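This report refers to the structure that appears directly beneath it.
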Amino acid sequence: MKQENQYKITLTVPVYNAGKYLRTLLESIINQTMDLKEIQVIMVDDLSTDNSRDIMDEYAEKYDNFISVKLPKNNKIAGTARNKGIELAQGKYLMFADADDFLPKDAVKTMYNAIESKKADFITANYINADEDGTVWAKPIFDLEKYKEFKLSITDYTKSFFVLNGSACNKIYRKEFILSHNIKFLEGVPAEDAYFNTYAFMESENVYYIPDVIYCYRQRNQSNENKSVSFYCSADYFERINRAYKAIYENFKAHNQLKFYRYMYAKNMSYILYKFIDSSLLSDTEKVNALENMHWFYELSQTLKVPAAQEAQQMIISQIVEGNYEEAVNYCKIIADIRKYVPKQVREDMSRPDADMYQKIAKYDNEF
């Protein structure tokens, strides 16, 4: 086995019941333009009940640099698996990929060259969505004309906060930087990578965005037959996301960075509200309980002076803040019915605040 840092990259793949997609990801890694022998691949199984483990073992047996690891208990969320990957990493740099996604052939080489040339703590890059069948969408997430390569800054409340998305999968990190600051993924809760990335950003001195598309994020069809996807619409999910968002908020407060957090909060508020609106697994009682538990979070929209992205959102948030949870749920049902007839790309766009809203946020920057 190679000694530590003899691999250029350690790429960690959390796996849970992803047998349908896992080969596609692993083959996309094998077909990278970087020499495969320079990439360590750590596959961490979260007690899958399908054929995922068999596929992992198959690749680990075939390739010396592929490692198959089994966690002792199911965690539902990828944080524990990613932390295990960091623990076992023998590469100079860290990358992550989800088992149901896949990489463009130049992804690893592009990220390695970028972080090496810039001596960065980490690099964040562009990415693109794909349909369930792997068909890649026409446009990447970040506009290629609007967002050129640039260095991120904690004092930049326009471009930097926007490209610093929560995902760990479109990034590469210098392992020494991560270990020296003891930066870890939250475990047992969603948004574990948002916590990780914002923590890393607040501790970093040298972070860059590059416009290269280095990751393909598969938009899986949500059905009750898919346990791993259905979890993200359950009462358990919203209870856990509540804990995660509290940890993220407290971390920003501890770093005295609420001014930057306001912009991150705007994105999170829109994202989680539409996740809640679109959820079909919660009973009305569970919906009321979820809104009551997250009252503190939606109340921040007033405390931090962050308006909602759309008027319909504002109506719901106002009802939540006032404690009218049943009325808020009724509004959510109306919007959910409308969204069923809206094209996928439009639904995606609705979940993101627009430039005008961020200008409204900026008016109150000096108060924080």
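The values are calculated or read from the model by the stated rules, or taken from the named source; none is laboratory data. Here the structure is a predicted model, which means the values were calculated and not measured. Cβ placement follows ideal geometry from the backbone for every residue including glycine, while neighbour counts extend to all protein chains displayed.
Considering only residues of the stretch 284-304 that are without any contact (Cβ under 8 Å) to a residue 24 or more places away in the chain and of a type outside the set (Asp, Glu), which is surrounded by the fewest Cβ atoms within 10 Å (Cβ to Cβ)? The residue in question is 285. Can we say residue 37 is assigned by TED's automatic domain parsing to the domain that holds residue 185 and touching a helix residue (DSSP H, G or I) at 6+ places or on another chain (Cβ under 8 Å)? Taking the combined requirement at face value, the residue does not satisfy it.
On the stretch given as the stretch 171-187, residues that are of a type in the set (A, V, I, L, M, F, W, C), within 15 Å of the chain's Cα centre (by Cα) and either over 24 Å from residue 210 (Cα atoms) or assigned to a helix (DSSP H, G or I) (or both) total 1.
Taking the stretch 305-346 as the range and being surrounded by 13 or more Cβ atoms within 10 Å (Cβ to Cβ) and under 21 Å from residue 359 (Cβ atoms) as the test, the residues that pass are 305, 306, 307, 308, 309, 310, 312, 313, 314, 317.
Close Cβ contacts (under 7 Å, 6 or more residues apart or on different chains) running from residues in the stretch 117-144 that are in the same structural domain as residue 351 (by TED's automatic domain parsing) and part of a strand (DSSP E or B) to residues that are surrounded by 13 or more Cβ atoms within 10 Å (Cβ to Cβ) and among the polar types (S, T, N, Q) are absent. Screening residue 194 with (1) among the small types (Gly, Ala, Ser); (2) out of contact with any Phe, Trp or Tyr (no Cβ under 9 Å at 6 or more places or on another chain); (3) buried (at least 21 other Cβ atoms within 10 Å of the Cβ) gives one miss only, at (2).
Checking each residue in the stretch 188-216 for being over 23 Å from residue 113 (Cβ atoms) and part of a loop (DSSP other than H, G, I, E, B) picks out 188, 189, 190, 191. Checking each residue in the stretch 232-255 for being surrounded by 18 or more Cβ atoms within 10 Å (Cβ to Cβ) and more than 18 Å from residue 277 (Cβ to Cβ) picks out 240, 244, 248, 249, 252. On the basis of being touching a Leu at 6+ places or on another chain (Cβ under 8 Å) and not in a helix (DSSP H, G or I), does residue 13 make the cut? Answer is yes for this residue. Of all the criteria given as (1) of a type outside the set (Ser, Thr, Tyr); (2) at pLDDT below 95; (3) out of contact with any helix residue (DSSP H, G or I) (no Cβ under 7 Å at 6 or more places or on another chain); (4) not in a loop (DSSP other than H, G, I, E, B), the one not satisfied by residue 156 is (4). Residue 100 meets the conditions (1) of a type in the set (D, E, K, R); (2) within 19 Å of the chain's Cα centre (by Cα); (3) farther than 16 Å from residue 171 by Cβ; (4) not in a loop (DSSP other than H, G, I, E, B) in every case but one. The failed one is (4).
Filtering the stretch 50-86 down to residues that are in contact with a Phe, Trp or Tyr (Cβ under 9 Å, 6 or more places away or on another chain) and among the β-branched types (Val, Ile, Thr), which residue is surrounded by the most Cβ atoms within 10 Å (Cβ to Cβ)? Here the residue is 77. When you look at residue 162, is it farther than 23 Å from residue 32 by Cβ and either touching a Cys at 6+ places or on another chain (Cβ under 7 Å) or in the same structural domain as residue 25 (by TED's automatic domain parsing) (or both), yes or no? Criteria met by residue 162.
Residue pairs whose Cβ atoms lie under 7 Å apart, sitting 6 or more positions apart in sequence or on different chains, and linking a residue in the stretch 305-332 that is within 22 Å of residue 283 (Cα to Cα) to a partner that is basic (Lys, Arg) and buried (at least 17 other Cβ atoms within 10 Å of the Cβ), are 329/287. Provide a single number: the residues in the stretch 23-57 that are under 22 Å from residue 91 (Cα atoms) and either in contact with a Leu (Cβ under 8 Å, 6 or more places away or on another chain) or not in a loop (DSSP other than H, G, I, E, B) (or both). The total comes to 19.
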